[in-house]
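Okay, structure first, notes after.
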Amino acid sequence: MFFYYLDLAWRSIKKTPFLSLLMVLAISIGIGITITTLNIYQMASINPAGERSSKLFEVRLWSQGIDTWSRLNQQITYQDGFNLRKSPVPVRQTPMFMTGFAVQTDDPEFTPVLENARVTDRDFFGLFSVPFLYGGAWDKQVDSEPAYQVVISEELNKQVFAGENSVGKTLYLNRKPYQIVGVTKTWNPSPKYYDVNNGAFNDAEKIFVPYSLAPTEEYQSWGNNQSWRNEPMDTYAQRLASEAHWNQYWVELDNPEQIRAYEEWLANYIEQQKLLGRFEMPDAKAEIADVAQWLKVNKVVPEDNKILVGLSALFLIVCLVNMLGLLLAKFLKRAPEIGVRRAIGASQTQIFSQHMVEVGLIGFCGGVLGLLWAWGSLSLLSAHFELEDALTQLGYSMWVLAPSIAIIAALLAGIYPAWRICSTNPSVHLKSQ
Amino acid sequence: MLSMKNISKVFKTDLVETHALREFNLEVNEGEFVAVTGPSGSGKTTFLNIAGLLEGFTQGDYFLDGVNISNLSDNKSAAIRNEKIGFIFQGFNLIPDLNLAENVEVPLRYRGFNAKERKRRVQHALEQVGLAARMKHLPSQLSGGQQQRVAIARALAGEPRFLLADEPTGNLDSMMARQVMELLEEINKAGTTIIMVTHDPELARRAQRNIQIVDGQVCDFTMYQGGERTIEKPHLVTGSQEPSNQDKVAS
Ligand SMILES: Nc1ncnc2c1ncn2[C@@H]1O[C@H](COP(=O)(O)OP(=O)(O)OP(=O)(O)O)[C@@H](O)[C@H]1O
Ligand SMILES: [Mg+2]
């Protein structure tokens, strides 16, 4: 029966091509806009760490003094970053911050380039499951005994070494020679959850250097720096010893026991620091947040996006109300034919189904066309408004979502017209012929 | 086969109540060919619509083939219409977008027959009305008489026990009308019960039994004895004993 209804629906659409096109357009525009905003929303709220999301935790510490910041800050101080590494609890852990270098090679022809870099421990690569193309991370030892070693990204490797295996080669960072130990395979979590302070949808850094080198090399912070009090920051040593927040800290905890143990360890740490005169707030505390919580805390999905999705859904409803009117006109014009069908044995249910199938078909066409609109508007957004690529890529789920929403929406709009036509008394229309 | 007792039908609109049928009584036996006449507005179409389960009634009892028709669900009455009843309308009421075969196929679709069975029945029904060769034509490509024959084929395709025709020849000239009438007579001969509303006394006279509806009631009740079929089916004579209308029976 379904295919009979589908056949009838197709004939009906062909019979009134203009009206049908109008309805398909109405619904497709609504769907196009809804899918566009939904796509941006979904892409922004995607959890980039996947299944490891619940094992990775960002650490925050209430190290600020009394009467300053009223909530936990997203970053921590260098000294806390340095100290937290001593905890035996986490499976993996790493402090980090963002910096940048002028990059050069042995090749005098090579024009130096300026690149972002991340200063971190070896565990960074394990924590975030960074894949390697060549080589690997530096040895654990380097985290305590500084060595001039560097991991670079596939992209930089292409740019500088034409994509060859560059492990063992030398890269000059701010004129200092570093030995390349690993080349990461393209890796670009979006959002860049391990450091949302510095552009949640920016690309990952292309250079990684050991955290242990920071005091000697005096890496400048290229990221956010937050201070809650005035302190002298003339020398790098002063900066390292300051209460300014410019480091991030991530740990991997595999089970609830570890989580509890680590929270306890952090509480003890704060107590110790209080003895040293830091953490002045009486109820100073530590908090850890897994990736999903972390993205929420940082409002990586801005409130605006939700409003936008809501607005576009409203717009879709307007489109549907339009469609409802058109459907009603179209269906009621067909009343005499339906009268005949009823007279020769079609039940109300069958007539209702026939019309719902027709509406569903229109919805499906609208959904497919709407997907095209969404694709177009996303390309336009990325071309003219410099929205990040990660947000304007049409997600695969939209291929299913768009037609589904369209069909459901169309069916909703079709219920009343289909009910009207199936419940009118057939004899009335039989006489009128 | 069809039994209506004290059926009444009231149409209520904002201003007026129309009593389309009042204490309407009728028995029709299997195999009869009943012609219904009466002045315009007397309730003939209303009676036919009620008989065909297209419309409900306000009061009374209606049994069709032993089934009590009051309070049937829509699904059930649709199924009865589909399986037991064939309709023929004055305006033919073919679906203009469907070709002849597809038009005839419509009731078979709702009946749930498979493609092969549908094809066989469509072929057979169109052959019966002599239009099998024009299967792929659209209704608009046919004359009125031919369209009515297609409508008859559509009514026949489901092999109904019961054919209801509302002025089937009303829109046709006398030649075409006669053709259609002959077709109906053949169908009746093959065993299908027919109730036909007509304004044409000539045609009415050809039926075995005439009833007249005046003002919503069965008023005149005539057995037309001229045809040979009354001799073939003598039981119809007993069928003429319309219980509640005996006073109105004319000889
Ligand atoms: N849907 C309706 N609403 C209100 N009144 C109706 C309706 N259908 C029929 N009537 C009234 O019921 C009465 C009987 O109508 P019906 O159509 O049965 O007459 P008829 O005998 O078929 O007439 P005709 O020979 O002109 O076709 C008429 O007075 C008509 O106005
Ligand atoms: Mg009438």
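We did not get these values from a lab; they are worked out from the coordinates using the rules stated. What you are looking at is a predicted structure, and each value in this text was computed from that prediction instead of being measured. Note that we place each Cβ from the backbone using ideal geometry, even for glycine, and neighbour counts take in every protein chain shown.
Peptide A:334-343 is shielded by partner chain Cβ atoms: per residue, an average of 6 of them sit within 10 Å of its Cβ. Residue exposure proxy: A:Asp195, A:Asp290, ordered by other Cβ atoms within 10 angstrom of their Cβ from fewest to most, comes out as A:Asp290, A:Asp195. Judged by the gyration tensor of its Cα atoms, with axes a ≥ b ≥ c, the range A:266-325 is prolate; a/c meets the 1.5 cut and a/b is the larger of a/b and b/c. Taking a ≥ b ≥ c as the square roots of the eigenvalues of the alpha-carbon gyration tensor, the range A:303-411 is classed prolate because a/c is 1.5 or more and a/b outweighs b/c. Calculated mean residue ellipticity, 222 nm, chain A: -16000 deg cm²/dmol, from DSSP H runs (n ≥ 4) at -39500 (n - 2.57) each, averaged per residue and rounded to 500. With the largest listed first and rounded to whole Å, the semi-axes of the equivalent ellipsoid of the range A:1-158 from the Cα gyration tensor are 53, 25, 18.
Checking understanding here: applying a Kyte-Doolittle mean of at least -0.5 and a length along the axis of at least 18 Å (C-alpha), which whole DSSP H helices in chain A pass? What comes out of the filter, once short or polar helices are dropped, is A:2-15, A:17-45, A:303-333, A:348-384, A:396-423. Across all Cα atoms of the range B:62-132, the radius of gyration (one decimal) and Dmax (whole number) stand at 14.2, 40 Å. For the range A:241-295, trypsin sites (Lys or Arg not before Pro) meeting the loop criterion (DSSP other than H, G, I, E, B) and having at most 16 other Cβ atoms within 10 Å: A:Lys285. Of the residues A:Ser54, A:Ile40, A:Pro17, the one whose Cα sits farthest towards the positive end of the charge dipole of the range A:1-127 is A:Pro17 (charges of +1 on Lys and Arg Cβ, -1 on Asp and Glu Cβ, taken about the Cα centre).
The ellipsoid equivalent to the alpha-carbon distribution of the range A:53-297 has semi-axes of 32, 20, 16 angstrom, derived from the gyration tensor eigenvalues as √(5λ) and listed largest first.
Only lysine pairs 8 or more places apart or on separate chains count here, and in the range B:2-224 those with Cα atoms under 26 Å apart total 20. By the count of neighbouring beta-carbon atoms within 10 Å, fewest first, A:Asp304, A:Asp143 end up ordered A:Asp304, A:Asp143.
In degrees, nearest 10, range 0 to 90: what is the angle between the Cα axis of helix B:115-128 and the longest Cα principal axis of chain B? Value to nearest ten degrees: 70. For the range B:142-219, the Kirkwood hydrodynamic radius from C-alpha pairs, put into Stokes-Einstein at 37 °C and a viscosity of 0.692 mPa s, yields a diffusion coefficient of 250 µm² per second. All other residues whose Cβ lies under 11 angstrom from that of B:Ile95 are scored, Lys and Arg at +1 and Asp and Glu at -1, for a net of 0.
The long axis of helix B:144-157 is offset from the longest Cα principal axis of chain B by roughly 80 degrees.
Using only side-chain charges placed at the Cβ, +1 for Lys and Arg and -1 for Asp and Glu, the dipole size of the range A:53-297 relative to its Cα centre rounds to 140 debye.
Remark: the Cα gyration tensor places the range A:10-49 in the prolate category, a/c being 1.5 or greater and a/b exceeding b/c.
Annotation for the range A:31-72: trypsin sites (Lys or Arg not before Pro) lying in DSSP loop with at most 14 further Cβ atoms inside 10 Å of their Cβ are A:Arg71. Give the aspartates and glutamates whose C-alpha is closer than 12 Å to that of A:Lys274, dropping any in the same chain fewer than 8 places away, or say none. Correct list for A:Lys274: A:Asp283.
How many percent of DSSP beta bridges within chain A run antiparallel, rounded to 5? So the antiparallel bridges in chain A amount to around 80 percent. Taking only the C-alpha atoms of the range A:73-217, the Rg (one decimal) and the largest Cα-Cα distance, Dmax (whole number), read 14.8, 49 Å. Across chain A, the relative contact order, built from alpha-carbon pairs under 8 Å that are at least six residues apart, equals 29 percent. Ranked for footprinting exposure by Cβ neighbours inside 10 Å, fewest first, B:Arg205, B:Arg154 give B:Arg205, B:Arg154.
Note: the range A:213-298, Cα convex hull, 147 Å³ per residue. Charged side chains reduced to their Cβ positions (Lys and Arg at +1, Asp and Glu at -1) give chain B a dipole of some 840 debye around its Cα centre.
With Rh defined as the Kirkwood radius, the inverse of the mean 1/r over Cα pairs, the Rg/Rh of the range B:45-178 is 0.99. Legend: translational diffusion of chain B by Stokes-Einstein, Rh = Kirkwood radius over C-alpha pairs, 37 °C, 0.692 mPa s; D = 176 µm²/s. Across all directions, the shadow cast by the convex hull of the range B:1-65 built on its C-alpha atoms averages 4.6 square nanometres. With the charge dipole of chain B set up from +1 on Lys and Arg Cβ and -1 on Asp and Glu Cβ about the Cα centre, the Cα lying farthest toward the positive end among the listed residues B:Phe47, B:Phe162, B:Ala20 is that of B:Phe162.
Each Lys or Arg adds one and each Asp or Glu takes one away; over the other residues whose Cβ falls under 12 Å from the Cβ of B:Phe57, this sums to 0. Divided by 2.2 N^0.38 Å, where N counts the residues, the Cα radius of gyration of the range A:245-361 comes to 2.32. Only one residue of B:Ala132, A:Ala286, A:Gln273 has its Cα farthest out toward the positive end of the dipole of the protein assembly as shown, where Lys and Arg carry +1 and Asp and Glu -1 on Cβ, and that residue is B:Ala132.
Return the tail of the calculated pair distribution for chain A, meaning the percent of Cα-Cα pairs more than 28 Å apart. Here the long-distance tail beyond 28 Å is 62 percent of all Cα pairs in chain A.
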